[in-house]
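Structure record follows, encoded as structure tokens.
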Amino acid sequence: MKVLVFGKTGQVATELQRQADVIALGRDEADLSNPAACVAAIEATAPDVVINAAAYTAVDQAEDEEALATVINGDAPTAMAQACAARGIPFIHISTDYVFEGSGTAAWAPEDATGPLGTYGRSKLLGENGVRAAGGDHVILRTSWVFSAHGNNFVKTMLRLAETRDALTVVGDQIGGPTAAPDIAATCLKIAAQMMAGQGNSGTYHYSGAPDVSWADFAREIFALGELDVAVEDIPSSGYPTKAVRPANSRMDCATLETIFGIKRPDWRQSLTNVLNDLKGASS
């Protein structure tokens with residue numbers, strides 16, 4: 001199976017390269033701000049399946065760079081999906097919980113009405129709509145709260161702060177499922193294999209770690225598993241203002257992914273243990 005991955009240094013793209021023999025394209029080889037370059041890469045590579053693991057993910061910065069975020073998250077995936085549809089290539093596109101407005105306490109199902117709160121969510125939703133409209137064999141995989149031993153993420157931020165702090169205030173009224181990049185990568189590869197075998201159905205699916213927790217409780221588990229003596233105090237979102245509004249409810253109903261592809265929600269606590277061990281190994 002010849003797998004073309006858009007993205008090279010991001011969290012999921014890094015894990016895809018660790019887990020499988022893939023062709024991973026960085027910005028210098030396929031700049032998503034130039035959708036035509038992405039189409040050219042697909043034409044030149046002639047892959048069996050394409051995974052888009054690249055995106056504009058600077059949520060706050062996107063509020064000042066909406067045009068760029070829209071091209072990278074909206075226009076580029078649309079162009080990729082159109083190119084794949086024209087060639088009969090299955091296309092897997094990673095999306096986000098930010099396409100929802102985040103009210104209530106019920107888990108969001110794939111078919112629920114969307115309502116992004118900011119530029120990042122709007123740009124990702126535009127990409128989703130473009131992928132669907134392309135009409136090819138596709139899977140849109142929405143995920144949330146991504147963490148790994150690579151790049152910038154909440155786990156690494158908490159560990160860095162723990163080096164100089166013995167107490168932290170962390171938002172306690174946003175709830176979601178932390179999801180390890182290695183798990184997302186493995187899921188993308190499983191979906192790709194099934195799509196290549198003519199199994200599964202095109203559509204939109206959710207995939208996030210279980211159980212759902214607040215950022216504050218996530219931080220507590222990071223410190224507990226990392227054997228770090230750091231006290232965590234819950235604060236409301238209003239106590240940690242950001243340029244972009246975050247959804248308060250990022251719970252995701254992942255049942256359809258299990259029904260169609262046989263992929264269950266991972267326990268993020270075990271995945272967190274693996275990531276912490278990965279980080280320890282890298283630093284030793």
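Remarks
- For segment 132-284, a simple Cβ point-charge model (Lys and Arg +1, Asp and Glu -1, everything else neutral) yields a dipole of about 500 debye relative to the Cα centre.
- Shape index of segment 91-147: Rg/Rh, with Rg the Cα radius of gyration and Rh the Kirkwood radius from the inverse mean 1/r over Cα pairs, equals 0.96.
- Its DSSP H runs of at least 4 residues, each contributing -39,500 (n - 2.57), put the calculated 222 nm mean residue ellipticity of the chain at -12000 deg cm²/dmol, to the nearest 500.
- Fraction of the pair-distance distribution of segment 155-216 above 18 Å, Cα-Cα pairs, percent: 56 percent
- Members of Lys8/Lys280; Lys8/Lys243; Lys124/Lys264; Lys243/Lys280; Lys190/Lys280 lying beyond 26 Å, as alpha-carbon distances in this model show: Lys8/Lys243; Lys243/Lys280; Lys190/Lys280
- Spin-label model, Ala244/Asn201: points 7 Å from Cα along the beta carbon direction are separated by 3.1 nm.
- Shown is the FRET efficiency for Asn152 and Asp229, computed with R0 = 35 Å from the Cβ-Cβ distance and rounded to the nearest 0.05: 0.90.
- At 1.567 mPa s and 4 °C, Stokes D of segment 140-284 from Kirkwood alpha-carbon radius, µm² per second: 79 µm²/s
- Euclidean distance of C-alpha centroids, segment 137-207 and segment 4-37, integer Å: 17 Å
- Cα radius of gyration and Dmax for segment 1-127 (Å): 14.9, 46
- Measuring only protein heavy atoms, the 1.4 Å probe finds Thr96 accessible over about 10 Å².
- Whole-number percent relative contact order across the chain, with pairs defined as alpha carbons under 8 Å at least 6 apart: 21 percent
- For the chain, the C-alpha radius of gyration divided by 2.2 N^0.38 Å, with N the number of residues, is 0.97.
The values are calculated or read from the model by the stated rules, or taken from the named source; none is laboratory data. Bear in mind that the values here come from a model prediction, so they are computed numbers and not experimental data. As a convention, Cβ positions derive from the backbone with ideal geometry for all residues, glycine included, and neighbour counts pool all protein chains shown. These area figures cover heavy atoms from the full protein model, side chains too; ligands, DNA and RNA do not enter into them. Shrake-Rupley method; radii C 1.70, N 1.55, O 1.52, S 1.80 Å.
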